[in-house]
Amino acid sequence: MNYWQGFKPGKWQVQIDVADFIKQNYTPYEGDEVFLKGKSPKTTALWHKAERLIQEEIEKGIIGVETTRFSGIDVFDPGYLDKDNEVIVGLQTDEPLKRIVNPYGGYRMVKKSLAAYGYELDAELESRFQEFCKTHNDGVFDAYTDQMRLVRSTGLLTGLPDAYGRGRIIGDYRRIPLYGIKALLKGKIEDLSNIKGPTTSDVIRLREEISEQIRALNAIQAMSATYGFDISKPAVNATEAVQFLYFGYLAAIKENNGAAMSLGRNTAFIDIFIERDLDLGLLSEDGAQELIDQLVIKLRMARHLRTPEYNELFAGDPNWITEALGGMGTDGRTMVTKTAYRFLHTLTNLSPAPEPNMTVLWSQELPIAFKKYCSKMSQVTGALQYENDDLMRPIYGDDYGIACCVSAMEIGKAMQFFGARTNLAKALLYAINGGVDELKRDRGGAPVRVMEGIEPIEDAFLDFDKVYANYLKVLDQLAEVYVNTMNTIHYMHDKYAYEAGQMALHDSQVHRYMAFGVAGVSLVADSLSAIKFANVKPVRDKNGIAVNFTIEGEYPAYGNDDDRVDQLAVDIVEYFSEALKKYPTYRQAEPTLSILTITSNVVYGKKTGATPDGRKLGEPFAPGANPMHGRDKTGALASLNSVAKFDYENSCKDGISNTMSVAPQALGKESALQVQNLVHIMDAYFAKGAFHLNVNVMNRELLLNAMEHPEKYPNLTIRVSGYAVHFNRLSGEQKEEVIARTFHESA
Amino acid sequence: MIGRIHSIETMGMLDGPGIRTIFFLQGCPLRCIYCHNPDSQRYDSGQQMTAEQIVAMALKYKEYYDASGGGVTFSGGEPLVQGPFLIKAMKGLKASGIHIALDTSGYGQVESYEQVLALADMILLDVKHFDEQHHRKMIGVSMKGLDIFLKKLKKFKGRLWVRHVMVPGYTDNAYSVDQLFERIKPVAHKVEKIEILPFHQLGIDKYRELGLDYKLKETPEMDADIARGFEIYINQKLKNYIAQRVGDEHYFLSQAPNEVCSM
């Protein structure tokens, strides 16, 4: 069969334009889930094997590491899990769950992770690499200033991608099945020859990058050939479409080890191929489901080699293989297809699991049947997150995806420079302590000054205006050092650890976002509120550093829909967002900001002294934009309303994460009502302009029980902040933090 | 006008239809031995709010009401003990087009009943017991109060739900359920449904904190399935009663002159 036979023509045939292909050819689906099928015998056998292996990995910590080669698209032999039962093939290395050593981000990380699991790298490989190669991490530290090192070591900036892959790039993996590698190569060769003008460093870099992309495309083709597939030409059927698309993704996770490696937005695309095969009688619904189940099994097998410190930050081996589902088209038709259902249905056919990170693009206009199905799946599996398509579609159109948890970008047309986050609560303590870190001491035991020109506040009781004025000064300085640090990191990342395989599946000219982040917003709001509405008395140590605070009186807390305090949160975020925009960015990237912590809110807490809201040294922050644990006392909707006040487009264009835990019985007396009510809650929450919601429908008792008897709850999946995780794979501290969160129970 | 508010639940989905903001008003004349919010009983505590503040707060959740067919529910304590305040707040809500439910035991300022019932879209009537002697013992007051309210309720034009908290060893038997039905018979034709709420022990800590004696310390929680069984039973009874009554009415109407039918 001719590969494009039966497809409606359009401009997608004369230029690379996957969105146009989808628009011309997809079939919106407004019905319910009754058509869905169970798992096939092959899937059953394969998943059984995969599950056993995953269980073994949990027990051992790690199954294996390839120690004789370094990462790369076509450097590993083909690998299989159970060849006879695999409908979709391809593993990162020659064996399932065997992890790749990727040294290009930084060698120290590699050494640490290998040591942690008791592996040793091939001695010659190691010595050659160290002798002849420079890494991203080496480059960054050659160019870091003293202040950058300082803000990094105090934990004012944390999680910076300066020693590992930055991730957050989404290749347009659909381009391979739609066009084939040959056509993609041709496009890149043309792009390269069309670069004209003076050879500035920008031009030279672009030429070098496109040349690398060309090599990467050839490598993807070579890698696929080892599995017996010719991907030089487009896919001729649904099986090939899924397989080719997966090869694109597989290349990305062979080459790179970024924290977040999203899949994109693929269900409407795949659905077109499935519909064609169903029409032609080449495929049954069972077969269609089998394809999606098998793709998802593969995605659940993706692994990267991490250090124990990394695992402490992000528990449970998350990869943020985020797939955006649903949403509306700009022409008013829903982007929901039967394959969106098939994708969600893998949670039933296989088991509830964190990966892939299923992200529903919620619109008021989504078909009601799909809304209800999502609501039901949330309640049954706890694995879904929701993001506001009505906010994003006007900005990004209808072919954007989500990198990591909440970062939107146009697929194949935009990429992101990931920038982790800064600790706004610590910054507030700098405002009080005159730029001196509250915890860090130098070798002689003396306090360490991080920022100059900040007058310490020496009053017996903190004065709001004084603290606030100082805080803005700290934020100004912080913004400058943060932008400069990010510029340095991404300059070096492009230079030493360029993601050629993923960027080859982008347009040659891409839009770049520089994604900054903040943690501790709710703490800052509550602290400022305490200073403003109650009397806060610092307790100072012999160095004059405020190490504790006593509060006289009461103050309104963020999370109760009280503008007196919520506005403080909004103002600070807006101010900081604007401050970041003042400084030039590497490659003219568009600065954006997220309010997101993932599970790092626990570690942030450890590294931050007591705060004026009454939080003690070491206690966890609230995750993302959530109110502090237990302080949202007027019910879930007040809490949601508080979070909905942040301005996505103007202040927080990289996303605002919010996690809600609600007891099932609080959602209504019977399950049909619970499903319906959750739909209503999300409709109204998003109608208010809110951005994101993680939904956990469960009782605190369930988690307490799972903590005591993990063996009884092997698949208990919860949304933490931006990703889902098997509860059992959280650390003890993280479990306790999750349990301490506000549960809306309304007895 | 200032009211006293015990607490606010912005995500109420159990007290009336849709998503509701529940204002728990402070103060209650009853002393139910199973009360799970004993801190809402005294009159002199709680947060002070104006009727305008109640309306302003409710309006923040308008999108949620609109999406779900919800609104505001006044609960308590006992909302009817703050009659004038309640009326003022209800008027404000009414003017903003917000659906209003009242979760009440029917004990409060009698002179406010007519106005309250004219403003309420829905009543959730909590019926405690059917027997005067037991009522005094279990609830601390006579049943006369309920009778007064039931009388006023006959003219009520909105929706009506009846609820009953079932405590093991007290009313968890068919006889009691039958008797409960008899008690509400004067308004039964208006009742949409009857909810049997199983007694739980979640209030026990509050008694300790308040230093109050808690008589049901040893009482087990009510089995939810058994309660559900009685709920099905009493609702069937209600359905039969209404069907019977409609049948009677139909008979009556069919015998009546035409102009009655056209009303």
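The values are calculated or read from the model by the stated rules, or taken from the named source; none is laboratory data. In this text the structure is predicted, and so the values were computed from the model without any measurement. As a convention, Cβ positions derive from the backbone with ideal geometry for all residues, glycine included, and neighbour counts pool all protein chains shown. Accessible surface is based on the protein model in full, side chains and every heavy atom, while ligands, DNA and RNA are left aside. Shrake-Rupley method; radii C 1.70, N 1.55, O 1.52, S 1.80 Å.
Is it the case that the range A:608-616 has a residue that's open to solvent by less than 30 Å² (accessible area, probe 1.4 Å) and in contact with a His (Cβ under 9 Å, 6 or more places away or on another chain)? No, the range A:608-616 has no match at all. Among the conditions (1) touching a helix residue (DSSP H, G or I) at 6+ places or on another chain (Cβ under 6 Å); (2) surrounded by 15 or more Cβ atoms within 10 Å (Cβ to Cβ); (3) more than 23 Å from A:LEU283 (Cα to Cα), the only one that A:ILE22 does not satisfy is (3).
Considering only residues in the range A:705-747 that are part of a loop (DSSP other than H, G, I, E, B) and of a type in the set (Phe, Trp, Tyr), the one that is modelled with the highest pLDDT turns out to be A:TYR713. Is there a residue being part of a loop (DSSP other than H, G, I, E, B), aliphatic (A, V, I, L, M) and within 30 Å of A:LEU295 (Cα to Cα) anywhere in the range A:176-187? No, there is no match, as no residue in the range A:176-187 is part of a loop (DSSP other than H, G, I, E, B), aliphatic (A, V, I, L, M) and within 30 Å of A:LEU295 (Cα to Cα).
Only one of the numbered conditions (1) surrounded by fewer than 24 Cβ atoms within 10 Å (Cβ to Cβ); (2) part of a loop (DSSP other than H, G, I, E, B) is not met by A:ASP279, and that is (2).
Determine whether B:GLY83 is within 21 Å of the chain's Cα centre (by Cα), within 27 Å of A:LEU673 (Cα to Cα) and surrounded by fewer than 21 Cβ atoms within 10 Å (Cβ to Cβ). The answer is no for B:GLY83. A:GLY90 satisfies every condition listed in (1) under 23 Å from the mean Cα position of the chain (by Cα); (2) on the phi > 0 side of the Ramachandran plot except (1). Within the range A:662-681, the set of residues being more than 7 Å from chain B (Cβ to nearest Cβ) and either open to solvent by 10 Å² or more (accessible area, probe 1.4 Å) or touching a strand residue (DSSP E or B) at 6+ places or on another chain (Cβ under 9 Å) (or both) comprises A:VAL662, A:ALA663, A:PRO664, A:GLN665, A:GLU670, A:SER671, A:ALA672, A:LEU673, A:GLN674, A:VAL675, A:GLN676, A:LEU678.
Output the residues belonging to the range B:191-226 that are aliphatic (A, V, I, L, M) and under 14 Å from B:TYR34 (Cα atoms). Answer for the range B:191-226, where residues must be aliphatic (A, V, I, L, M) and under 14 Å from B:TYR34 (Cα atoms): B:LEU197, B:LEU202, B:ILE204, B:LEU212, B:LEU216, B:MET222.
The set of residues in the range B:99-127 being in contact with a strand residue (DSSP E or B) (Cβ under 8 Å, 6 or more places away or on another chain) and either open to solvent by 20 Å² or more (accessible area, probe 1.4 Å) or in a helix (DSSP H, G or I) (or both) consists of B:HIS99, B:ASP103, B:VAL116, B:LEU117, B:LEU119, B:ASP121, B:ASP126.
The rows are residues; the columns are (1) open to solvent by 10 Å² or more (accessible area, probe 1.4 Å); (2) modelled with pLDDT under 95.
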position	(1), (2)
A:LEU156	no, no
A:GLY159	yes, yes
A:ARG168	no, no
A:ASP172	no, no
A:ILE176	no, no
A:GLY180	no, no
A:ILE204	yes, no
A:ARG207	yes, no
A:GLU212	yes, no
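Scanning the range A:556-572 for residues that are touching a residue at least 40 places away in the same chain (Cβ under 8 Å), under 23 Å from A:PHE461 (Cβ atoms) and in contact with an Asp or Glu (Cβ under 8 Å, 6 or more places away or on another chain) yields a total of 3.
Let's see how each residue does on (1) in contact with a Gly (Cβ under 8 Å, 6 or more places away or on another chain); (2) in a helix (DSSP H, G or I); (3) within 13 Å of chain A (Cβ to nearest Cβ):
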position: B:VAL55; (1), (2), (3): yes, yes, no
position: B:GLU63; (1), (2), (3): no, yes, yes
position: B:ASP66; (1), (2), (3): no, yes, yes
position: B:PHE74; (1), (2), (3): no, no, no
position: B:LEU80; (1), (2), (3): yes, yes, no
position: B:GLY83; (1), (2), (3): yes, yes, no
position: B:ILE87; (1), (2), (3): no, yes, no
position: B:GLY92; (1), (2), (3): no, yes, no
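If you go through the range A:557-589 and pick out every residue that is over 22 Å from A:ASN423 (Cα atoms), touching a Phe, Trp or Tyr at 6+ places or on another chain (Cβ under 8 Å) and surrounded by 20 or more Cβ atoms within 10 Å (Cβ to Cβ), you end up with 1. If I filter the range B:24-44 down to residues being of a type in the set (Phe, Trp, Tyr) and open to solvent by 30 Å² or more (accessible area, probe 1.4 Å), which single residue comes out as nearest to the chain's Cα centre (by Cα)? Looking at the filtered set, the residue picked out is B:PHE24.
Among the residues of the range A:382-402, is any modelled with pLDDT under 95 and of a type in the set (S, T, N, Q)? So far as the range A:382-402 goes, no, none of its residues is modelled with pLDDT under 95 and of a type in the set (S, T, N, Q). Scanning the range A:629-638 for residues that are open to solvent by 10 Å² or more (accessible area, probe 1.4 Å) and not charged (D, E, K, R), we see that the one that is nearest to A:ALA690 (Cα to Cα) is A:THR634. One residue is enough: does the range A:694-708 have a residue meeting the conditions among the small types (Gly, Ala, Ser), open to solvent by 20 Å² or more (accessible area, probe 1.4 Å) and either without any contact (Cβ under 8 Å) to a residue 60 or more places away in the chain or facing chain B (nearest Cβ under 8 Å) (or both)? No, there is no match, as no residue in the range A:694-708 is among the small types (Gly, Ala, Ser), open to solvent by 20 Å² or more (accessible area, probe 1.4 Å) and either without any contact (Cβ under 8 Å) to a residue 60 or more places away in the chain or facing chain B (nearest Cβ under 8 Å) (or both).
May I ask you to verify whether A:ILE62 is modelled with pLDDT of 95 or more and in contact with a helix residue (DSSP H, G or I) (Cβ under 9 Å, 6 or more places away or on another chain)?
Against the criterion (modelled with pLDDT of 95 or more and in contact with a helix residue (DSSP H, G or I) (Cβ under 9 Å, 6 or more places away or on another chain)), A:ILE62 does not qualify.
Only one entry in A:ALA684, A:ALA644 is touching a Gly at 6+ places or on another chain (Cβ under 7 Å) and within 11 Å of another protein chain (Cβ to nearest Cβ), namely A:ALA644. For the range A:431-454, the tally of residues that are surrounded by fewer than 20 Cβ atoms within 10 Å (Cβ to Cβ) and touching a residue at least 60 places away in the same chain (Cβ under 8 Å) stands at 5.
Does the range B:1-34 hold any residues that are outside any loop (DSSP other than H, G, I, E, B), more than 9 Å from chain A (Cβ to nearest Cβ) and among the β-branched types (Val, Ile, Thr), and which are they? If the condition is that a residue be outside any loop (DSSP other than H, G, I, E, B), more than 9 Å from chain A (Cβ to nearest Cβ) and among the β-branched types (Val, Ile, Thr), then B:ILE2, B:ILE5 are the ones that fit.
Here A:ASP142 clears all of (1) open to solvent by 70 Å² or more (accessible area, probe 1.4 Å); (2) touching a strand residue (DSSP E or B) at 6+ places or on another chain (Cβ under 9 Å) except the condition numbered (2). Within the set of pairs 6+ apart or on separate chains, which have a first residue in the range B:134-153 that is at positive phi, a second that is in a loop (DSSP other than H, G, I, E, B) and open to solvent by 10 Å² or more (accessible area, probe 1.4 Å), and C-beta atoms under 9 Å apart? Close Cβ pairs satisfying both conditions: B:GLY140/B:PRO29; B:GLY140/B:ARG31; B:GLY140/B:CYS32; B:GLY140/B:ILE33.
Do we find that A:GLN15 is open to solvent by 40 Å² or more (accessible area, probe 1.4 Å) and within 23 Å of A:PRO367 (Cβ to Cβ) in this structure? Against the criterion (open to solvent by 40 Å² or more (accessible area, probe 1.4 Å) and within 23 Å of A:PRO367 (Cβ to Cβ)), A:GLN15 does not qualify.
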